[in-house]
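Contents: one structure, followed by commentary.
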Amino acid sequence: MKKDIRSLITDSIKGEAQFDEPLSLHTSLKVGGQADIFVAPVDLDDLRALLKLIAEEGAAYMVIGGGYNLLVRDGGFRGVAISLRNLRRLEELPGNRVEVEAGVTNGALVRFAEERRLTGMEFLIGIPGTVGGALSVNAGAHGETVLDRLEVLTTLRDGDMRITAREELDCGSRYLTLAPGEVVVGAAFRLDRGSAAEIEARIEGFLAHRRNSQRVNHPNAGSFFKNPEGMQAWRLIDGAGLRGYRIGGAQVAEAHANFLVNRGGATARDFQELAALIKHKVKEQSGIELEEEVRIVGVE
């Protein structure tokens, strides 16, 4: 990264830039080293300008939504960490459609639709994080995924905007293929008109399920491993006898074995070592090779 990029960002971007910022402050696991630069663009135009500047300077960058589904290594990130927390526009469009920016939380989208008696996104209520993060991995629950209701996806790459129809995307269960450096910044969803009572009942049902099955009560990143085809990762981990197992401050949650939690004072290395042990034991026990669902970034 060129030495003068800090001053270029400070002079060119409206969002406040912070230098040598601990990413443990911005991730749900509460671990991770410093980013050289941490910046939260104030709006979409500011983000476009930032991405163009980064491309011109040849700097590395990463995007943080709600900080879930993310493990930053203890050495931090050598480059620019971009927060989308200020991209929070929500708008109802004709035809039971909703337009949303990437920094809107999943819960806020569900409640916005509920207020307008629009149904189809209730399953997102118990999934932490932002709409941008959910779109990036096609997050889902209870047999539904966020891309099921997608009409168009808006992304940026090197500051250039692209709008892609749902049928043109390469996507599937728990994945969305993006070009290198492509950032999800917004979407439009087509929903259905529903009754207030039915929508409320669906929301409360999903929340009750989350409370009963995933009450982990410690910092976590959500599901740490992907579910293998036709299987559940938590059952494989439980079957390997690892529920409650701990390395340093990182532990397999007692309430849900596919949640790794920070019991206090954990490091990213603790989580990496625990994840490696889980993968080894599960492979030894069942022959199944687990794959991380969390995104692991940064240097050791």
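Here are the numbers for this structure:
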{"read-out": "Sole exception among (1) open to solvent by 70 Å² or more (accessible area, probe 1.4 Å); (2) in contact with a Phe, Trp or Tyr (Cβ under 6 Å, 6 or more places away or on another chain) for S173, by number", "value": "(2)"}
{"read-out": "Failed item, numbered, when V104 is tested on (1) touching a residue at least 12 places away in the same chain (Cβ under 8 Å); (2) open to solvent by 10 Å² or more (accessible area, probe 1.4 Å)", "value": "(2)"}
{"read-out": "Residue within region 81-94 that is among the small types (G, A, S) and buried (at least 18 other Cβ atoms within 10 Å of the Cβ) present", "value": "yes"}
{"read-out": "Residues within region 81-131 that are part of a loop (DSSP other than H, G, I, E, B), more than 30 Å from N212 (Cα to Cα) and not charged (D, E, K, R), tallied", "value": "6"}
{"read-out": "Enumeration of residues in region 69-80 that are surrounded by fewer than 22 Cβ atoms within 10 Å (Cβ to Cβ) and either in contact with a Ser or Thr (Cβ under 9 Å, 6 or more places away or on another chain) or part of a strand (DSSP E or B) (or both)", "value": "D74, R78, G79"}
{"read-out": "Criterion (under 18 Å from R162 (Cβ atoms), touching a Leu at 6+ places or on another chain (Cβ under 7 Å) and surrounded by fewer than 23 Cβ atoms within 10 Å (Cβ to Cβ)) met by exactly one of L53, L44", "value": "L44"}
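Matching residues to (1) surrounded by fewer than 24 Cβ atoms within 10 Å (Cβ to Cβ); (2) of a type in the set (A, V, I, L, M); (3) touching an Asp or Glu at 6+ places or on another chain (Cβ under 8 Å); (4) without any contact (Cβ under 8 Å) to a residue 24 or more places away in the chain:
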position	(1), (2), (3), (4)
E114	yes, no, yes, no
R117	yes, no, no, no
M121	no, yes, no, no
G133	no, no, no, no
V137	yes, yes, yes, no
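Condition check ((1) of a type in the set (K, R); (2) at negative phi) across all residues:
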{"position": "A196", "(1), (2)": "no, yes"}
{"position": "R243", "(1), (2)": "yes, yes"}
{"position": "G264", "(1), (2)": "no, no"}
{"position": "T267", "(1), (2)": "no, yes"}
{"position": "D270", "(1), (2)": "no, yes"}
{"position": "E273", "(1), (2)": "no, yes"}
{"position": "R295", "(1), (2)": "yes, yes"}
{"position": "V299", "(1), (2)": "no, yes"}
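The values are calculated or read from the model by the stated rules, or taken from the named source; none is laboratory data. Quick caveat: nothing in here was measured; it's all calculated off a predicted structure. When we count neighbours, we look across all protein chains shown, and the Cβ atoms used for this are built from the backbone with ideal geometry, even at glycine. Side chains included, ligands, DNA and RNA excluded: accessible areas come from the protein's heavy atoms. Shrake-Rupley method; radii C 1.70, N 1.55, O 1.52, S 1.80 Å.
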